[in-house]
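Colleague: My questions will all concern the structure given below.
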Amino acid sequence: MRSRLKRVSPLDYGIVISFVAVFVTLAIASPVFATPQNLLNLLEQSAVVGIIAVGGTLVIIAGGFDLSVGAIFALSGIVTAFAVNTFGALVGVLCGLAVGALIGLVNGLMSTVGGINPFITTLATSIIVRGVCLAVTGGFLIAIQDPGFSVLGRGGIGGVKFSVIVFAIVVIAGAILLSRTVFGRQVYAAGGNPEAARLAGVNVARVRTVTFIISGVCAAIAGIIIASRSGNGQANIGIGLEFSAIAAIAVGGTSIFGGEGAIWRTVLGVLLIALIGNGFTLLAVPPTFQQVFEGTIILIAVGFDLWFRRRRRGGQRA
């Protein structure tokens, strides 16, 4: 029992306390907030960022960083739109997913085998992919001609949108992969202490590359959902989406220094930021203050992570 208590980290439950506090406050402050329709809308609005954040969580825990997900999101939607118009819905979805996986593979190989910092690698990839998006589309919308393809983005079951269902599936799959498999343990080892992981027989380069591929596929899933919802592929969509996902991951308590984190905490981070946005809208607070508030929360989350790590290292030395 004593050893179990020692393993409990403030990072584990800080996000839970924050989420409950904001939820209860908004439920009291606004009679509209806790209605089923508003909560379902919140989940639907969170689905895209949440799916991307699940993949990003794996990358960050493994010691990487992915700034290209917004561009992958856009290109996957464009490729899906072209492929649906040419080959049909199923091939279109597969082509969109393949684009995400391929760019993720390039990111992984460049940052591991190539030895280029993941921040620089994915920043460069993001710029290149954005250029490809504009070159392919000429800056125009690529309309999807199959009306049935819109079911994924606009349809649902029992009032729950398919995008929310896909979000739940991605979360469950990511959580099982990270917490119940050998690969998940290797992800933590690769990010926590890569040299020790290598000595223990973990192929750190391969593990990190796979996390980049998963991140690319997650961004592609989100891009396909939005292409289905909007009925077209767009070159300029998803700008800044990578920062929203990273913010949610950081707020959820996953360490940006690698080696620590959990999918469920990222989900709460996504929902907490969505709650704040929804609350500001319901209470008619100017959007400027919302950005200031969200930025402050991110700074506090990352600062607390850094402080906690330094404090723990100090305790270990003592």
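Colleague: Within the stretch 193-218, can you find the residues that are over 20 Å from the mean Cα position of the chain (by Cα) and in a helix (DSSP H, G or I)?
Modeller: Pro194, Glu195, Ala196, Ala197, Arg198, Leu199, Val204, Ala205, Arg206
Colleague: Would it be correct to say that Phe119 is without any contact (Cβ under 8 Å) to a residue 60 or more places away in the chain and either more than 19 Å from Gln234 (Cα to Cα) or in contact with a helix residue (DSSP H, G or I) (Cβ under 7 Å, 6 or more places away or on another chain) (or both)?
Modeller: Against the criterion (without any contact (Cβ under 8 Å) to a residue 60 or more places away in the chain and either more than 19 Å from Gln234 (Cα to Cα) or in contact with a helix residue (DSSP H, G or I) (Cβ under 7 Å, 6 or more places away or on another chain) (or both)), Phe119 qualifies.
Colleague: Still on this structure, please answer the following. State whether one or more residues within the stretch 261-275 are touching a Leu at 6+ places or on another chain (Cβ under 8 Å) and not in a helix (DSSP H, G or I).
Modeller: Taking every residue of the stretch 261-275 in turn, at least one turns out to be touching a Leu at 6+ places or on another chain (Cβ under 8 Å) and not in a helix (DSSP H, G or I).
Colleague: A follow-up question, please. Checking the structure you have, find out if any residue of the stretch 254-263 is open to solvent by 70 Å² or more (accessible area, probe 1.4 Å), more than 29 Å from Ala34 (Cα to Cα) and at pLDDT 80 or above.
Modeller: yes
Colleague: Could you please find all residues in the stretch 140-190 being outside any helix (DSSP H, G or I), farther than 30 Å from Ile60 by Cα, open to solvent by 50 Å² or more (accessible area, probe 1.4 Å) and in contact (Cβ under 8 Å) with a residue 60 or more places away in the chain?
Modeller: Leu141, Ala143, Gln145, Asp146, Gly159
Colleague: Related question: Checking the structure you have, find out if any residue of the stretch 68-78 is assigned to a loop (DSSP other than H, G, I, E, B), within 18 Å of the chain's Cα centre (by Cα) and at pLDDT 95 or above.
Modeller: yes
Colleague: Within the stretch 272-314, track down each residue that is modelled with pLDDT under 80, among the β-branched types (Val, Ile, Thr) and loosely packed, with under 11 Cβ neighbours inside 10 Å.
Modeller: Within the stretch 272-314, Thr288 is the sole residue that qualifies.
Colleague: Continuing with this model, one more query. Open to solvent by less than 20 Å² (accessible area, probe 1.4 Å), farther than 25 Å from Ser18 by Cα and of a type in the set (Val, Ile, Thr): which single residue out of Ile224, Ile239 fits that description?
Modeller: None of the other options fit; the residue is Ile224.
Colleague: Yes or no: Ala47 among the aliphatic types (A, V, I, L, M), closer than 21 Å to Gly240 by Cβ and open to solvent by 10 Å² or more (accessible area, probe 1.4 Å)?
Modeller: no
Colleague: Do the conditions hold for Gly115, that is, is it out of contact with any Asp or Glu (no Cβ under 9 Å at 6 or more places or on another chain), on the phi > 0 side of the Ramachandran plot, small (Gly, Ala, Ser) and open to solvent by 10 Å² or more (accessible area, probe 1.4 Å)? Outline the logic, then answer.
Modeller: Numbers: out of contact with any Asp or Glu (no Cβ under 9 Å at 6 or more places or on another chain): yes; on the phi > 0 side of the Ramachandran plot: yes; small (Gly, Ala, Ser): yes; open to solvent by 10 Å² or more (accessible area, probe 1.4 Å): yes.
Yes, satisfied.
Colleague: A follow-up question, please. Give Thr209, Thr137 a once-over and let me know the one that is touching a residue at least 60 places away in the same chain (Cβ under 8 Å), among the polar types (S, T, N, Q) and closer than 23 Å to Gly114 by Cβ. Show your work before the answer.
Modeller: On the way: Thr137 fails: closer than 23 Å to Gly114 by Cβ.
Just a single option satisfies the conditions, and that option is Thr209.
Colleague: Which one is least open to solvent (accessible area, probe 1.4 Å), of the residues in the stretch 68-89 that are in contact with a strand residue (DSSP E or B) (Cβ under 7 Å, 6 or more places away or on another chain) and more than 10 Å from Gly223 (Cα to Cα)?
Modeller: Once the filter is applied, the top-ranked residue is Ala81.
The values are calculated or read from the model by the stated rules, or taken from the named source; none is laboratory data. Small disclaimer: the values here were computed from a predicted structure and weren't measured. Glycine gets a Cβ as well: all are built from the backbone with ideal geometry, and neighbour counts include every protein chain shown. Ligands, DNA and RNA are stripped out before the accessible areas are found, and what is left, the full protein with its side chains, is counted by its heavy atoms. Shrake-Rupley method; radii C 1.70, N 1.55, O 1.52, S 1.80 Å.
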